[in-house]
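Below is one structure, written out as structure tokens; the observations come after it.
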Amino acid sequence: MDSQWRENRLYPLLGTVLLLSLLYLNFDDKLSFPTILRLPRMGFVSTNSTHFVVFNGGEQSTMYVNGWNSYWLLQESVWSESRSKVSKMFKRGAQMGLTVCRTWAFSDGHGPNDLQVSPGVFNERVFRALDFVIVEARRHRIRLILSLVNNLNAFGGKAQYVRWAEQTGIDVSLKDDSFFSNPAIKDSYKAYVKAIVTRKNSISGVRYCDEPAIFAWELMNEPRCASNSSAPLLQAWINEMATFIKGLDKKHLVTVGLEGFYSLNTTEELDVNPGKWAASLGSDFVQNSAIKDIDFASVHTYPDSWIPNTNLEGKAKFLSQWMDSHVRDGDTVLRKPVLFTEVGSARHATKEGVNDIDRLLKAVYDRIYESAKRGQAGAGALIWQLLVEGVEEYSDQYSFVPWNHPSTYKLIKEQSSRLRNLTLEHKMG
């Protein structure tokens, strides 16, 4: 009886499982059926006033973020032969204790590897690449901040939406700022957002809106206006789009994607900006972040490019004032967490042999740690940006392979460790 069962049932079943496994490993970018996966359980992230919190099995714990940016994950996941680089980035990120990765969930244009090839028309092969990114993140217990469009022209951006509108005869008299005001362009963006948020992952079978490995949706990477007179249009756009996403997805956080510049409306903080130019870009950290459906404030910091003619001490002083001002606004004005979602610094060795990036990164990490210890709004920082070997084409002056730079690698791991210990202390308290 047992022998007959094995012959008739068990062996064919094992053969089928083996065949499916081989197909997935070798041709997963061409398959359309879901693969059965055993993924770790993760709680959704929420906010409690100025803190991030995670709910696991009815238990709430405070979450402090040590994370990174790798915008290239979608591009490297399009083809199965390069997906190992994405897996390696998540694996090594987890080994450093990093918990959140920010990456692009967009690629707008007519290229063979673009996600959205025209308004509302998607390349399913590329969409499956995004599915892979999300599954790999969850497999390594990494949460993702997914940015939904670029202010810059790289990977299409808002300029691509405007071009698409022009091609259909729509009047775009405000040029790129029409992205924030033209009803047809706004509808195109909403259609894209809806397709992303309601997407059912072809690998895991989980809809993105139900995926706990997604930390937050980011409306736009570094929104700016061509004219400061368009500032009210940007404010209205943020309000409309944040409300739209919340109507589709009540489980995930939403942020803007701001650089953190203060506008002329916040005159008492203008001197915190890196220069007068920063107040002329149409964005306003306080006003934009105060919108009801924006769950946390985002800030970037690039002292090397923002104040290039300043010495290291001057850059460190700017960084201290920049962070203090935004954390204070999170505490007293916004009553929301503040996440420094891009922290970039170039690698220049000083006479003492210490890299600028280590000095400035330590200053950022120390300020986040002190904020967390005091229960303030500074909730974490994400370094820009980390690479693995073989993806150098995505590099800029702030990009590096962390394990090739032992001192920086050590800094990152130490920050992860002390934030983790702080979380445990709060739990026991």
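Counting the residues of the stretch 123-143 that are buried (at least 17 other Cβ atoms within 10 Å of the Cβ) and not in a helix (DSSP H, G or I) gives 4.
Of Glu259, Glu268, all but one fail to be within 22 Å of the chain's Cα centre (by Cα) and of a type in the set (D, E, K, R); the exception is Glu259.
Could you look through the stretch 33-78, keep only residues that are touching a residue at least 40 places away in the same chain (Cβ under 8 Å), among the polar types (S, T, N, Q) and out of contact with any helix residue (DSSP H, G or I) (no Cβ under 7 Å at 6 or more places or on another chain), and pick out the one that is surrounded by the fewest Cβ atoms within 10 Å (Cβ to Cβ)? Filtering first and then ranking leaves Ser49. Comparison of Glu342, Glu370 shows that the only residue that is at pLDDT 95 or above, closer than 26 Å to Asp324 by Cα and touching a His at 6+ places or on another chain (Cβ under 7 Å) is Glu342. Residue-level check: of (1) within 26 Å of Trp237 (Cβ to Cβ); (2) aliphatic (A, V, I, L, M); (3) open to solvent by less than 10 Å² (accessible area, probe 1.4 Å), Met323 misses just (1). When His110 is tested against (1) in contact (Cβ under 8 Å) with a residue 40 or more places away in the chain; (2) assigned to a loop (DSSP other than H, G, I, E, B), only condition (1) is not met.
Selection of the stretch 155-190 for residues being open to solvent by 50 Å² or more (accessible area, probe 1.4 Å), closer than 26 Å to Arg125 by Cβ and either small (Gly, Ala, Ser) or not in a loop (DSSP other than H, G, I, E, B) (or both) yields Arg163, Gln167, Asp187. When the stretch 211-247 is limited to residues that are of a type in the set (D, E, K, R) and touching a strand residue (DSSP E or B) at 6+ places or on another chain (Cβ under 8 Å), the one that is farthest from Ser289 (Cα to Cα) turns out to be Lys246. Scanning the stretch 330-344 for residues that are open to solvent by 10 Å² or more (accessible area, probe 1.4 Å) and either closer than 23 Å to Thr103 by Cα or in contact (Cβ under 8 Å) with a residue 12 or more places away in the chain (or both) yields Asp331, Val333, Leu334, Arg335, Lys336, Val343.
Checking each residue in the stretch 59-78 for being of a type outside the set (S, T, N, Q) and not in a strand (DSSP E or B) picks out Tyr64, Tyr71, Trp72, Leu73, Leu74, Glu76, Val78. Pairs meeting the criteria (first residue in the stretch 89-107 and over 15 Å from Gln385 (Cα atoms) and open to solvent by 10 Å² or more (accessible area, probe 1.4 Å), second residue part of a helix (DSSP H, G or I) and modelled with pLDDT of 95 or more, beta carbons under 7 Å, at least 6 apart or on different chains) are Gly97/Lys413; Gly97/Ser416; Gly97/Ser417; Gly97/Arg420.
Evaluation of Leu146 against the conditions (1) more than 16 Å from the chain's Cα centre (by Cα); (2) among the hydrophobic types (A, V, I, L, M, F, W, C); (3) crowded, with 20+ Cβ neighbours inside 10 Å shows that the sole unmet condition is (1).
Of the residues Val333, Val299, Val286, the single one that is touching a Ser or Thr at 6+ places or on another chain (Cβ under 6 Å), under 26 Å from Arg374 (Cβ atoms) and among the β-branched types (Val, Ile, Thr) is Val286. The residue of the stretch 249-305 that is nearest to Gln321 (Cα to Cα), among those that are of a type in the set (S, T, N, Q), touching a residue at least 24 places away in the same chain (Cβ under 8 Å) and part of a loop (DSSP other than H, G, I, E, B), is Ser263. For the condition open to solvent by less than 10 Å² (accessible area, probe 1.4 Å), among the aliphatic types (A, V, I, L, M) and touching a residue at least 60 places away in the same chain (Cβ under 8 Å), Leu361 does not qualify. List, please: which pairs have Cβ atoms under 7 Å, are six or more places apart or on different chains, and start with a residue in the stretch 155-167 that is without any contact (Cβ under 8 Å) to a residue 24 or more places away in the chain and end with one that is among the small types (Gly, Ala, Ser) and open to solvent by 10 Å² or more (accessible area, probe 1.4 Å)? Cβ pairs passing all conditions: Ala165/Ala184. Here is the figure for the stretch 373-429: residues that are within 22 Å of the chain's Cα centre (by Cα), open to solvent by 10 Å² or more (accessible area, probe 1.4 Å) and on the phi > 0 side of the Ramachandran plot total 1.
The values are calculated or read from the model by the stated rules, or taken from the named source; none is laboratory data. Computed from a predicted structure; not experimentally measured. Please note: Cβ atoms are built from the backbone with ideal geometry, for glycine as well, and neighbour counts cover all protein chains shown. Areas reflect the complete protein model, heavy atoms only, side chains present, ligands, DNA and RNA absent. Shrake-Rupley method; radii C 1.70, N 1.55, O 1.52, S 1.80 Å.
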